[in-house]
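*Asks:* Have a look at this one before I ask anything.
The values are calculated or read from the model by the stated rules, or taken from the named source; none is laboratory data. Small disclaimer: the values here were computed from a predicted structure and weren't measured. We place every Cβ from the backbone using ideal geometry, glycine too, and count neighbours over all the protein chains shown.
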Amino acid sequence: MALPEFEEMLTTLVGSPSVSCTCPDIDQSNLKVIEHLANWLEGMGFKTDLVPMPGQPGKANLIAQRGNGEGGLVLAGHTDTVPFDEALWNSDPFIVSERDDRLYGLGTCDMKGFFPVALTAAQRYSQTDLNKPLIIVATSDEESSMAGGRYLMESGRPRADVAIIGEPTGLMPVYAHKGIMMMAINLQGSSGHSSNPDLGRNALDAMHAVMGELIRFREELAARHRNPGFEVVIPTLNLGCLRAGDNPNRICDHAELQIDLRLLPGMDGDQIFADLQKRIEAAAEPFQVPATLTALYPPVPPFETDREGDLVQTLSRLSGNAAGTVAFGTEAHFLQCLGMETVVFGPGSINQAHQPNEYLARSQINPAVDVIDQVIRRYCLA
């Protein structure tokens, strides 16, 4: 079976909705995307393994391999997209449309566009015997829980020498990114008539003290941790969303604050969580308001690989771009835990991701294919 042209593959993948969301009413299966990829890869001589996600009907990873032996190369990406507001789009999000040498559509950039890049490059070696395996991985739910990447790590596969995650980096090799912790702080007071504060326990009063403690904690983190390799060199703690009370003449009986914490490589997320929990409880205690800290989503650990590593340097040389860092999270930690030198590298810009009128610039496509072509040659033919 002949592999379709790049744009035909992209059109097919974008036209297969696969929104990933923690809200069940919005969340969708990724199986159609997985099945298209499996069909194309089988036609190229790959052995494909569709791996259902435990307890998640309609969700699966795909691991496809051509060539045998130890080592080799993994090319990985996620098959899901974020939710969208169609009213903000200038065209149908599920139909690839071209304007100004840009291919518009949901997922063109983040990151369905990487799969046609990887398959087009791999097709160039379809009649060549590989000395080491080429493995193409497609995961589920990266945009919500990262369940697909976590399950790869838990399953212990795939394994190779090196791995590329094709997130949109503008063809810059990314050797490190920050970790992500999103948490909710809940304070449970008791209500009463606002004319007498003694009739209740005001959760907003307690939250004021908690917020002050969070700001002090943020300042302490910034003083203790710095990494000049990042644009924002310190860890960040954002007070993102506050919900409290129901009426001005009632003592506020409940308050919830949602926060976002971005950790630098080397920071211990478990210890951070434990420290935060103690400080929040202590800040709320004088108000006799119980406080709880919970994770909104499983945390994404920070990622870092050796900037002088072979894959980092190879991608930098082939792309002409110096290696760098990003603030957004990826599945890199999970593949790195499988023992592979892992680098994030792909076409498109994160500035277009998660936005109405998302697009992939045509100028990024051929250079991306050519780099992946040479990477396959280096790690699978040498």
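*Asks:* If a residue must be within 16 Å of the chain's Cα centre (by Cα) and surrounded by 24 or more Cβ atoms within 10 Å (Cβ to Cβ), how many such residues does region 335-370 contain?
*Replies:* So the count comes out to 8.
*Asks:* Would you check which residues across region 78-133 are closer than 19 Å to residue 43 by Cβ and acidic (Asp, Glu) and list them?
*Replies:* Hit for region 78-133 is 129, nothing else.
*Asks:* Could you check how many residues of region 247-270 are assigned to a loop (DSSP other than H, G, I, E, B) and either among the small types (Gly, Ala, Ser) or farther than 20 Å from residue 210 by Cβ (or both)? Write out each step before concluding.
*Replies:* Going through region 247-270, the residues assigned to a loop (DSSP other than H, G, I, E, B) turn out to be 247-249, 251-253, 264-268.
Okay, now just the ones that are also either among the small types (Gly, Ala, Ser) or farther than 20 Å from residue 210 by Cβ (or both), so 247-249, 264-268.
Selection size over region 247-270: 8.
*Asks:* Moving on to the next point. Does residue 317 fit the bill of being of a type in the set (Lys, Arg), in the same structural domain as residue 87 (by TED's automatic domain parsing) and out of contact with any Leu (no Cβ under 9 Å at 6 or more places or on another chain)?
*Replies:* On the way: of a type in the set (Lys, Arg): yes; in the same structural domain as residue 87 (by TED's automatic domain parsing): yes; out of contact with any Leu (no Cβ under 9 Å at 6 or more places or on another chain): yes.
When the stated conditions are applied, residue 317 passes them.
*Asks:* Of these, 325, 330, which one is crowded, with 21+ Cβ neighbours inside 10 Å, outside any loop (DSSP other than H, G, I, E, B) and in the same structural domain as residue 87 (by TED's automatic domain parsing)?
*Replies:* Numbers: 330 fails: outside any loop (DSSP other than H, G, I, E, B).
Among 325, 330, only 325 is crowded, with 21+ Cβ neighbours inside 10 Å, outside any loop (DSSP other than H, G, I, E, B) and in the same structural domain as residue 87 (by TED's automatic domain parsing).
Residue-wise test of (1) more than 23 Å from residue 339 (Cβ to Cβ); (2) over 19 Å from the mean Cα position of the chain (by Cα); (3) of a type in the set (Val, Ile, Thr); (4) surrounded by 24 or more Cβ atoms within 10 Å (Cβ to Cβ).
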{"position": "37", "(1), (2), (3), (4)": "yes, yes, no, yes"}
{"position": "43", "(1), (2), (3), (4)": "yes, yes, no, no"}
{"position": "49", "(1), (2), (3), (4)": "no, yes, no, no"}
{"position": "66", "(1), (2), (3), (4)": "no, yes, no, no"}
{"position": "70", "(1), (2), (3), (4)": "no, yes, no, no"}
{"position": "83", "(1), (2), (3), (4)": "yes, no, no, no"}
{"position": "96", "(1), (2), (3), (4)": "yes, yes, yes, yes"}
{"position": "108", "(1), (2), (3), (4)": "yes, no, yes, yes"}
{"position": "129", "(1), (2), (3), (4)": "yes, yes, no, no"}
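*Asks:* Being in contact with a strand residue (DSSP E or B) (Cβ under 7 Å, 6 or more places away or on another chain) and crowded, with 17+ Cβ neighbours inside 10 Å: is that true of residue 3 here? Give the steps one after another, and end with the answer.
*Replies:* Numbers: in contact with a strand residue (DSSP E or B) (Cβ under 7 Å, 6 or more places away or on another chain): no; crowded, with 17+ Cβ neighbours inside 10 Å: yes.
So residue 3 fails the test.
*Asks:* Given the residues 331, 304, which is the only one that is among the acidic types (Asp, Glu), in contact with a Pro (Cβ under 6 Å, 6 or more places away or on another chain) and modelled with pLDDT of 95 or more?
*Replies:* Details: 331 fails: in contact with a Pro (Cβ under 6 Å, 6 or more places away or on another chain).
That would be 304, the only listed residue that is among the acidic types (Asp, Glu), in contact with a Pro (Cβ under 6 Å, 6 or more places away or on another chain) and modelled with pLDDT of 95 or more.
Listed here are the residues, each with its yes/no results for (1) in the same structural domain as residue 18 (by TED's automatic domain parsing); (2) in contact with a helix residue (DSSP H, G or I) (Cβ under 7 Å, 6 or more places away or on another chain); (3) surrounded by fewer than 24 Cβ atoms within 10 Å (Cβ to Cβ); (4) among the β-branched types (Val, Ile, Thr).
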position	(1), (2), (3), (4)
58	yes, yes, yes, no
90	yes, no, yes, no
104	yes, no, no, no
147	yes, no, yes, no
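*Asks:* When residue 293 is evaluated against the numbered criteria (1) part of a strand (DSSP E or B); (2) farther than 30 Å from residue 258 by Cβ, which criterion, by number, is the only one it fails?
*Replies:* For residue 293, the failing item is (2).
*Asks:* Which numbered condition in (1) surrounded by 15 or more Cβ atoms within 10 Å (Cβ to Cβ); (2) more than 21 Å from residue 279 (Cα to Cα); (3) among the charged types (D, E, K, R) is the only one that residue 231 fails?
*Replies:* Among (1) surrounded by 15 or more Cβ atoms within 10 Å (Cβ to Cβ); (2) more than 21 Å from residue 279 (Cα to Cα); (3) among the charged types (D, E, K, R), the lone unmet condition for residue 231 is (1).
*Asks:* Further, regarding this structure: Would you check which residues across region 281-327 are under 30 Å from residue 188 (Cα atoms) and of a type in the set (Phe, Trp, Tyr) and list them?
*Replies:* Passing the criteria: 287, 297.
*Asks:* Being hydrophobic (A, V, I, L, M, F, W, C), touching a residue at least 12 places away in the same chain (Cβ under 8 Å) and in contact with a Pro (Cβ under 6 Å, 6 or more places away or on another chain) narrows it down to one residue among 38, 64, 60; which is it?
*Replies:* Just one listed residue meets the conditions, 60.
*Asks:* Follow-up question, since we're still on this one. Under 7 Å between Cβ atoms, which residue pairs at least 6 apart in sequence (or on different chains) link something in region 322-350 that is over 19 Å from residue 232 (Cβ atoms) with a partner that is buried (at least 24 other Cβ atoms within 10 Å of the Cβ) and among the aromatic types (Phe, Trp, Tyr)?
*Replies:* 333/303; 336/303; 343/175; 346/114; 347/114
*Asks:* Something else: For region 221-243, state whether one or more residues are outside any loop (DSSP other than H, G, I, E, B), of a type in the set (Asp, Glu) and either at pLDDT below 95 or outside the structural domain of residue 48 (by TED's automatic domain parsing) (or both).
*Replies:* Checked against the condition, which is being outside any loop (DSSP other than H, G, I, E, B), of a type in the set (Asp, Glu) and either at pLDDT below 95 or outside the structural domain of residue 48 (by TED's automatic domain parsing) (or both), region 221-243 yields no hits at all.
This table checks each residue for (1) touching a helix residue (DSSP H, G or I) at 6+ places or on another chain (Cβ under 6 Å); (2) over 19 Å from residue 30 (Cβ atoms); (3) among the aromatic types (Phe, Trp, Tyr); (4) surrounded by fewer than 24 Cβ atoms within 10 Å (Cβ to Cβ).
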residue: 126; (1), (2), (3), (4): no, yes, no, yes
residue: 175; (1), (2), (3), (4): yes, yes, yes, no
residue: 178; (1), (2), (3), (4): no, yes, no, no
residue: 198; (1), (2), (3), (4): no, yes, no, yes
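*Asks:* Within the bounds of region 74-84, is there any residue that is farther than 20 Å from residue 13 by Cβ and in the same structural domain as residue 340 (by TED's automatic domain parsing)? Spell out the reasoning first.
*Replies:* Keep residues of region 74-84 that are farther than 20 Å from residue 13 by Cβ, which gives none.
No, because not a single residue in region 74-84 is farther than 20 Å from residue 13 by Cβ and in the same structural domain as residue 340 (by TED's automatic domain parsing).
*Asks:* Please go through region 250-302 and give me each residue that is charged (D, E, K, R) and either without any contact (Cβ under 8 Å) to a residue 60 or more places away in the chain or within 12 Å of residue 207 (Cα to Cα) (or both), ordered by number.
*Replies:* Step one: list which residues in region 250-302 are charged (D, E, K, R), which gives 250, 253, 256, 260, 262, 268, 270, 275, 278-279, 281, 285.
Passing the criteria: 250, 253, 256, 268, 270, 275, 278, 281, 285.
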